[in-house]
Amino acid sequence: MSGYVPGEQPQAGEFIKLNTNENPYPPSPAAGRGIEETIGRLRKYPDPMAESFRRRAAELWSVEPDWILCGNGSDDILTIVTRALVGQGQLLRLPYPSYILYKTLADLQGARSEEIHFNADWSLPAAFAAGRDDLRLVFLANPNSPSGTVVPPERVLEIAAALPCPLLVDEAYADFADTNCMSLVARCEKIMVSRSLSKSYALAGLRFGYLVAQPQMIAQLIKMKDSYNCDALAIAAATAAIDDQPWLAANRAKIIATRRRLVAEMRKLGFVTVDSQANFAWNIHSHLPAKPLYEQLKRDRILVRYMNYPGWGDGLRISVGTDAEIDACLEKLKTII
Ligand SMILES: Cc1ncc(COP(=O)(O)O)c(C=O)c1O
């Protein structure tokens, strides 16, 4: 199998880093205080279920704590769900192009994956909801990466109702969107929603994510996780971070304002840029190939994500940085183009 290749994370040299959808602002100061208060207790194992976080997240989404499962990043959640539901030779369905890890997770299980191409307008075709005997799990990144587009919750519910298996809605970027599918979890037991603290809470280095699903599903998924999959520092910081909703609202407003400007300016430079509901934008130039643009930007110490999807095409995914970072990227692109 070919393993998942994460985006470049240069550990030396100064880059304007717009390639892995990190938040350009520091996290809530409450997260740092949570870590400081916990350092003295590192002698002990962490709470295996991260109950403090579960309680806060449950309040936020008006569910009970037993509807929440915490993970070492939302990637851990995706792994737990795949391991629990998809056996060797069984089928996992995913949209294409989307988050590349989904296929790797199927490969790790010795499972098969079925890629269903998005329509040209980034809606999903009927085939995405079609029943098949061996289908065990369907993933949907919503907002999707690399497009930043959203499948409306009504359509997600329709898809889940038609499917013979659970649907995991990966909402890693949903805090930047106008809608989300969280309220569908109570309405349809097949729907599970995963969230990440990496993007909207500016905690990618911490590794914390969680799943919201009905308790009968969570009770089964717990059996698949590492006993202590979230460490004590991460639990403390994540709990403090989701408790600081005013920080989230202010950060979201800044990112959305910069995103609007990025999309408008990229279009002026001749890119076909998709309207994004996430903290990045997907750009295909009307006549210039993407790879040399990426390479030139990198030489100029600006890192964006060059994505090439076999059988589909390539483009540049640019994360929403600070206004100054986006200005620097736009200026460089102007000189290159
Ligand atoms: C669609 C999608 N889901 C999940 C993740 C994983 O996020 P985390 O940092 O919570 O593991 C990413 C990260 O890039 C992503 O793009």
Which of (1) of a type in the set (D, E, K, R); (2) assigned to a loop (DSSP other than H, G, I, E, B); (3) closer than 26 Å to residue 272 by Cβ is the odd one out, the single condition residue 155 does not satisfy? (2)
Among the residues of the range 86-105, which ones are within 15 Å of the ligand (Cβ to nearest atom) and of a type in the set (Gly, Ala, Ser)? 98
Which listed residue is assigned to a loop (DSSP other than H, G, I, E, B), away from the ligand (no atom under 16 Å from the Cβ) and open to solvent by 60 Å² or more (accessible area, probe 1.4 Å), from 8, 22, 59, 14: 14
List, please: which pairs have Cβ atoms under 7 Å, are six or more places apart or on different chains, and start with a residue in the range 28-44 that is at negative phi and end with one that is in a loop (DSSP other than H, G, I, E, B) and open to solvent by less than 90 Å² (accessible area, probe 1.4 Å)? 28/244; 30/244; 31/203
Among residues belonging to the range 69-85 that are open to solvent by less than 10 Å² (accessible area, probe 1.4 Å) and not in a helix (DSSP H, G or I), point out the one that is farthest from the ligand (Cβ to nearest atom). 69
How many residues are open to solvent by less than 10 Å² (accessible area, probe 1.4 Å) and in contact with a helix residue (DSSP H, G or I) (Cβ under 8 Å, 6 or more places away or on another chain) when one looks only at the range 86-104? 6
Residue selected from the range 207-245 under the condition β-branched (Val, Ile, Thr) and under 21 Å from the mean Cα position of the chain (by Cα), by the criterion nearest to residue 81 (Cα to Cα): 218
Taking the range 25-56 and keeping residues over 30 Å from residue 105 (Cα atoms), of a type in the set (A, V, I, L, M) and part of a loop (DSSP other than H, G, I, E, B) leaves 42
Take the residues in the range 300-337 that are of a type in the set (Lys, Arg), open to solvent by 70 Å² or more (accessible area, probe 1.4 Å) and within 18 Å of residue 263 (Cβ to Cβ), then tell me which one is nearest to the chain's Cα centre (by Cα). 332
Residue tally, condition outside any loop (DSSP other than H, G, I, E, B) and surrounded by 15 or more Cβ atoms within 10 Å (Cβ to Cβ), over the range 116-126: 2
Could you please let me know if residue 180 is crowded, with 22+ Cβ neighbours inside 10 Å and within 15 Å of the ligand (Cβ to nearest atom)? no
Restricting attention to the range 34-59, the residues that are touching an Asp or Glu at 6+ places or on another chain (Cβ under 6 Å) and of a type in the set (Ser, Thr, Tyr) number exactly 0
Of the residues in the range 139-173, those that are open to solvent by 20 Å² or more (accessible area, probe 1.4 Å) and under 10 Å from the mean Cα position of the chain (by Cα) come to 173
Going through the range 210-225 in order, the residues found to be open to solvent by 10 Å² or more (accessible area, probe 1.4 Å), away from the ligand (no atom under 15 Å from the Cβ) and either of a type outside the set (S, T, N, Q) or in a loop (DSSP other than H, G, I, E, B) (or both) are 214, 215, 217, 219, 222, 223, 224
Hey, does the range 160-173 have a residue that's part of a loop (DSSP other than H, G, I, E, B) and out of contact with any strand residue (DSSP E or B) (no Cβ under 9 Å at 6 or more places or on another chain)? no
Scanning the range 190-209 for residues that are near the ligand (Cβ under 9 Å from one of its atoms) and not in a loop (DSSP other than H, G, I, E, B), which turns out nearest to residue 168 (Cα to Cα)? 194
Could you run through the range 86-115 and say how many residues are in contact with an Asp or Glu (Cβ under 8 Å, 6 or more places away or on another chain), in a helix (DSSP H, G or I) and touching a residue at least 60 places away in the same chain (Cβ under 8 Å)? 1
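The values are calculated or read from the model by the stated rules, or taken from the named source; none is laboratory data. No experiment lies behind these values; they were computed from the predicted model shown. A quick note on method: Cβ atoms are made from the backbone with ideal geometry, for glycine too, and the neighbour counts reach across all protein chains shown. Heads up: the accessible areas ignore ligands, DNA and RNA and are worked out on the full protein's heavy atoms, side chains in. Shrake-Rupley method; radii C 1.70, N 1.55, O 1.52, S 1.80 Å.
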